[in-house]
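**Student:** Input: one structure, supplied below.
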Amino acid sequence: MSERILIADDLATNRIVLKVKLTVACYEVIQADRCADVVTLARDTRPDLIILGRGRNDCSLATCRNLKADPTLGSIPIIMVSDQDDQRTRLEAIMAGADDVFSKPLNEATLMAMVRSLIRARGTDDEVLRRRDLSRDFGCAEAPALFARHARIALIAPDAETGIYWRMHLATEIRHKIDIMTQSQALEDVSALGGVPDAFVIASTLSETSDGLRLVSELRSRQTTRHSVIVVQDCGETPSPSSMALDLGAHAVLRPGFDARELALRLTRLLARKFEGDDLRASFNTSLALAVRDPLTGLHNRRFAQSYLDRLEREARQKDQSYAIMLLDLDRFKSINDRFGHPIGDEVLVEVARRLKEKLRDLDLLARYGGEEFLIALPGVTRLQAQAMAERLRRAVGDRPIGAGVLPKGIPVTISIGVAVSGGLPGGTHELLQLADQALYRAKADGRNQVTFVSDAA
């Protein structure tokens, strides 16, 4: 499905020009010819991006404020199109909530890069919000921090003198730690320099033309700086580096001539969004780990396993591939607890989990399903492959005693395994899980320490 863009301008010619350019790029375009209709139309159509023209009545600033103040629409990125390319116009638009400002005459490459950049950022924001909602569903959502956070901003200028000039003027507009870095320092392990910068301001020209753009690409591709804010300062090259910088991952490109006020406004907005995303990612990872992992073994728990199995069933149907579900149970585990105590029993469970995980693929699911029972799901395997894997798992546990506590010879432990493989069997993962449970029961009844398939248990 194509991304949807809402164009609002009371001048028909402006709307037509924009619609032609966007339609050629395969976007779905919706038009509004009155500012008063924009908020309602946005609620009805849920666009991925809004472009506001100044038109005859110049009501776009008020419309922009109304959109950003609306809790259901505030996350939609907005581009303000202006007939004038001056500081006052840009600052008014940014302060009204515009995510970027585009000045006429229209440069198609820059416009389309701006559109792609903001829609891409919207997708990232939506993913972060989904994590927040999922954390809330698990009852793990946290209240937002109420304190102002100090950021670390790195300036990578063409030379030391320019860097000092940038820092001196930016420091009067923004209260964050500002460092001057060289290109090589930005590419080194920045954590050794006192922490990863939250934002980079990079000159488009460093030692050579386009060096700044290469630096943008490098920073965006690295794990440590993937979520950092990146703003490029256009140094006046011809052609303009704007479209390339935005496509490489810059959040914004400033026009030639350093404007500390505009930079500070953009950084403030972008840093606030970054911090929110950082907090949500960290909270999600911590909360979800607590919600879906077994605290003893570190494996996923039953709650996560059910969600995984639901996805596995959908994907298997889409790809027309089989999968296997196994239930594993430690044989006579109660006697271990009774004889040696529960702390030793816990050590046994942890070691069994480790041995099982060591034999599985990264894409396989291993979960503690309850007590001494484990669940394994193997996507994309046949019966023969599932049988070979089950035997490897049985031997991995049973061939060597498990060292626990101060017991010199360890504890002999075996497992029984029930297996069900999709393809030829009725139902989905829920039904296969029940069949694997029946097979496990048969393995126990037939003497334990063995693998039993559904067909064998029938």
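**Student:** List the trypsin sites (Lys or Arg not before Pro) in the stretch 40-116 that DSSP assigns to loop (not H, G, I, E or B) and whose Cβ has at most 16 other Cβ atoms within 10 Å. Which are they?
**Tutor:** R56
**Student:** Within straight cross-link reach of K409, meaning Cα distance under 14 Å, which aspartates and glutamates are found once same-chain residues fewer than 8 apart are removed?
**Tutor:** By straight Cα distance, K409 reaches D399.
**Student:** While we're looking at this one, here's another question. What's the Cα-based Rg to Rh of the stretch 1-106, Rh via Kirkwood?
**Tutor:** Rg/Rh: 0.93.
**Student:** To continue, here is another question. Using just the helices of the chain, give the 222 nm mean residue ellipticity in deg cm²/dmol: DSSP H runs with n ≥ 4 each add -39,500 (n - 2.57), and the total is spread over all residues, rounded to 500.
**Tutor:** Per the formula, -15500 deg cm²/dmol.
**Student:** In the chain, with Lys and Arg counted as +1 and Asp and Glu as -1 at Cβ, which of these residues, Q183, C235, L219, has the Cα nearest the positive end of the dipole, that is, farthest along it?
**Tutor:** L219
**Student:** Considering only DSSP beta bridges whose two residues both sit in the chain, what percent are antiparallel, to the nearest 5?
**Tutor:** Given both bridge residues lie in the chain, the antiparallel proportion sits at roughly 35 percent.
**Student:** Let me know the charge dipole size of the stretch 302-457 about its Cα centre in debye, to the nearest 20, where only the beta-carbon of Lys, Arg (+1) and Asp, Glu (-1) is charged. Each step should come with its number before you reach the end.
**Tutor:** On the way: 24 positive and 21 negative charges, 53 e Å.
Its charge dipole is roughly 260 debye.
**Student:** Further question on the same structure: In percent, what relative contact order does the chain have, based on Cα pairs under 8 Å that are 6 or more apart in sequence?
**Tutor:** It rounds to 9 percent for the chain.
**Student:** Any idea what the dipole of the stretch 1-106 comes to, in debye rounded to 20, about its Cα centre with Lys/Arg Cβ at +1 and Asp/Glu Cβ at -1?
**Tutor:** Computed about the Cα centre, the dipole is about 60 debye.
**Student:** Still on this structure, I have one more. At E28 and R303, where each label point lies 7 Å from the Cα along Cα→Cβ, what is the point-to-point distance in nanometres?
**Tutor:** Rounded to a tenth, the inter-label distance reads 3.6 nm.
**Student:** Would you mind checking the pairs K19/K177; K21/K68; K274/K319; K68/K319; K319/K444 and listing those with alpha carbons more than 31 angstrom apart?
**Tutor:** Working: K19/K177 43 Å; K21/K68 26 Å; K274/K319 36 Å; K68/K319 41 Å; K319/K444 34 Å.
Checking Cα-Cα distances, K19/K177; K274/K319; K68/K319; K319/K444 exceed 31 Å.
**Student:** Still on this model: Can you pull the three principal axis extents for the Cα set of the chain, in Å, largest first?
**Tutor:** Its Cα atoms span 85, 48, 40 Å along the three principal axes.
**Student:** Right, here's the next one. So between L296 and T382, what do we pick up on full extension, going 0.36 nm a residue minus the alpha carbon distance?
**Tutor:** Full extension from L296 to T382 adds 27.8 nm.
**Student:** Same structure, new question: Report, ordered by chain and residue number, the lysines lying within cross-link reach of K359, taken as a straight Cα distance under 18 Å and ignoring same-chain residues fewer than 8 apart.
**Tutor:** none
**Student:** Also, quick follow-up: Over all alpha-carbon pairs of the stretch 302-457, lay out the pair-distance distribution in 5 Å bins, whole %, shortest bin first.
**Tutor:** With a bin width of 5 Å, the distribution comes to 2, 9, 20, 23, 19, 13, 8, 4, 2, 1, 0.
**Student:** For labels at K357 and R175 in the simple 7 Å Cα→Cβ model, what's the distance in nm?
**Tutor:** 4.5
**Student:** How long is the gain from A282 to D310 if the chain were fully straight, where each residue apart is worth 0.36 nm and the alpha carbon distance is subtracted?
**Tutor:** On the way: separation 28, 0.36 × 28 = 10.08 nm, distance 2.56 nm.
Taking A282 through D310 to full extension adds about 7.5 nm, to one decimal.
**Student:** Taking the Cβ-Cβ separation of R261 and R392 as r and a Förster radius of 60 Å, what is the calculated FRET efficiency to the nearest 0.05?
**Tutor:** 0.40
**Student:** Please give the charge dipole size of the chain, origin at the Cα centre, charges +1 on K and R Cβ atoms and -1 on D and E Cβ atoms. Round to the nearest 20 debye.
**Tutor:** Details: 62 positive and 63 negative charges, 219 e Å.
Roughly 1060 debye, rounded to the nearest 20.
**Student:** A further question follows. Using the charge dipole of the stretch 334-458 (Lys, Arg: +1 at Cβ; Asp, Glu: -1 at Cβ; taken about the Cα centre), state which of P379, Y369, A404 has its Cα farthest towards the positive end.
**Tutor:** A404
Each reported figure results from applying straightforward, stated rules to the coordinates on display, with no laboratory input. All figures in this text were calculated on a predicted structure; none of them were measured in a lab. Neighbour counts are summed over all protein chains in view; Cβ atoms, including those assigned to glycine, are modelled from backbone coordinates with ideal geometry.
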